[in-house]
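Data block below; observations after.
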Amino acid sequence: MNNVELAVHFFFQIAVILLACRFVGLIARRLGQPQVVAEMITGVLLGPSFFGLFWPEWQEWVFPWDPSQSTRDTQSYLFPASQLGLALYMFVVGMEFRLEVVRRHFASSVAVSVAGMLAPFVLGAGLAWWLFTYTELFPEKTTLFEAALFLGASMCITAFPMLARIIHFKGLAGSRMGTVAIGAGAIDDATAWCLLALVLASFDGNVSNAAYNIGGAVLFIALMMLLVRPLLSRLERYLIDRNERLSETGLVVGLAVMALGAWFTDAIGLHAVFGAFLAGASIKRGPMTRDIIRRIQPLTVALLLPLFFTFSGLNTQIGMLNSAFLWGVCGLILLAAILGKGVACWLAARATGLPHKEALGIGALMNSRGLMELIIINIGLQRGIISGEIFATLVIMAVVTTLMASPIFDALKLSKQVVADAANDYV
């Protein structure tokens, strides 16, 4: 396709994506699911798993897709547009993140984070050992070390962007529960990406890359918190007018910080979401964050973020499970995921003194994998670390654990309690 044809196709795809997301969202809302879950499901439905299964010619026309990326097609523009939407949203999440609230509940955040990493990693590594030893589901090139590390990392992952949207949808932003879950989810996902970097480095025979990725992440965090945050705090008075409103220059500066953060973490082998999130967290709460959020959030949530979910869905195929044995493996992975993440995080939250229902809510939120899981396993599939069958089981695990979060949370009837906690935390 030439540039004009790509643009024409892109505009039509935007219309299809937005209308489909809203239609599925109407159904999801009746079932107690937030719009973000509807967008995740819509992305899968628009891909080869549903649209391409029943109407392959129409699906190929609407979303031309070359897995080899040797031609200019949907991936040429949908991928960078989806990444921009994701980065902007995580930038907003970072600006809403309350570091002072995390400090008040630091023990709970750390305990939930550690439990949410260790328990699922051990269970995932154990399953990888069994699958590697007694089946042929892992490709021949994959070693036992790589299989165990990858499956363990896949179990550790939390749907950080989706978790943030569910928390926002439920009115939990700034609450003890929301803050503990966001803080623990951020740590868990960053750790999982570091583990993925180690797997890819081992798979490529270059372990030094893992040290480069992890070292770069530590350096970036220190740079943002110790240098960029104080600098932006000093510059803020020059970016705010007499009416306490952010100037256009201030908006540009904020967006540039976001873009540089996303660029850096992508460049060192992590994901852009972490750089964008830390960029948002580096801006002091006040008129600057208030006006940036007010200006960019509506368009980001309504237009750009659905593109991210659709792109991930176009990479997903769930029709690989074609035997009772594979469905049994899927059940084991799902059980290990729930026990390792949801139950372990609930117990950790209880051990640090949080109320029983609130701890259960944190466990349900942390158990949600969402499309961050789909991203990491798509990388594993593309690099040949896992087979299509294992990929399909992990996709189902991601969808089921995400769908579980909202009904469990609603059953606990915690909304009024956590909103009261949020008010107390702001005092």
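None of the figures in this text is laboratory data; all of them are computed from the coordinates on show. Worth saying up front: this structure is predicted, and the values here are computed from it rather than measured.
Once you treat every alpha carbon in region 251-294 as an equal point and sum by Debye, what is log10 I(q)/I(0) at q = 0.13, 0.16, 0.28 Å⁻¹?
Each listed q corresponds, in turn, to -0.26, -0.39, -0.91.
Across the chain, how many lysine pairs, 8 or more apart or on two chains, come within less than 16 Å at their alpha-carbon atoms? Show your work: numbers first, answer last.
Numbers: K170/K357; K170/K413; K170/K416; K357/K413; K357/K416.
Value for the chain: 5.
Do me a favour and compute the ellipsoid semi-axes for region 289-412 from its Cα gyration tensor, root of five times each eigenvalue, largest one first, whole Å.
Numbers: eigenvalues 151, 123, 27 Å².
For region 289-412, the ellipsoid semi-axes come out as 27, 25, 12 Å.
What residues qualify as long-range amide H neighbours of T158, i.e. H under 5 Å apart, gap of 5 or more or another chain, H built at 1.01 Å from N?
D189
I need the Kirkwood Rh of region 1-68: take the reciprocal of the average 1/r across all distinct C-alpha pairs and report it in angstrom. Let's see the in-between values first.
On the way: mean 1/r = 0.0771 Å⁻¹.
Roughly 13.0 Å, rounded to one decimal.
List every DSSP H helix in the chain whose Cα atoms extend 24 Å or more along the helix's own long axis and whose mean Kyte-Doolittle hydropathy is at least 0.5. Each step should come with its number before you reach the end.
Working: long enough: 3-30 (41 Å, 1.39); 74-96 (33 Å, 0.82); 106-134 (42 Å, 1.52); 176-204 (42 Å, 1.14); 248-267 (28 Å, 1.27); 388-412 (37 Å, 1.69).
Qualifying helices, which must be both long enough and hydrophobic enough, are 3-30, 74-96, 106-134, 176-204, 248-267, 388-412.
Assuming a ≥ b ≥ c are the square roots of the Cα gyration tensor eigenvalues, decide whether region 34-77 counts as rounded (a/c under 1.5), prolate (otherwise, with a/b larger than b/c) or oblate. Write down the numbers at each step before the final one.
Working: a/c = 2.83, a/b = 1.51, b/c = 1.87.
Because a/c hits 1.5 or more and a/b fails to exceed b/c, region 34-77 counts as oblate.
Using alpha carbons only, how many angstrom separate the centre of region 111-138 from the centre of region 315-369?
13 Å
Rg and Dmax in Å for the chain, alpha carbons only: what are they?
So, for the chain, Rg and Dmax equal 21.1, 70 Å respectively.
Taking 8 Å as the Cα distance limit and 6 or more residues as the minimum spacing, I'd like the relative contact order of the chain as a percentage. Mind showing how you got there, number by number?
Values: 656 pairs, mean separation 119.9, N = 427.
Worked out over the chain, it gives 28 percent.
Mind jotting down a quarter of the surface of the convex hull over the alpha carbons of region 1-135, in square nanometres, one decimal?
Computed as one quarter of the Cα hull surface, the answer is 13.1 nm².
So what are region 205-279's ellipsoid semi-axes, whole angstrom, largest first, if each one is the square root of 5 times an eigenvalue of the alpha-carbon gyration tensor?
Numbers: eigenvalues 192, 29, 8 Å².
Equivalent ellipsoid of region 205-279: 31, 12, 6 Å, largest first.
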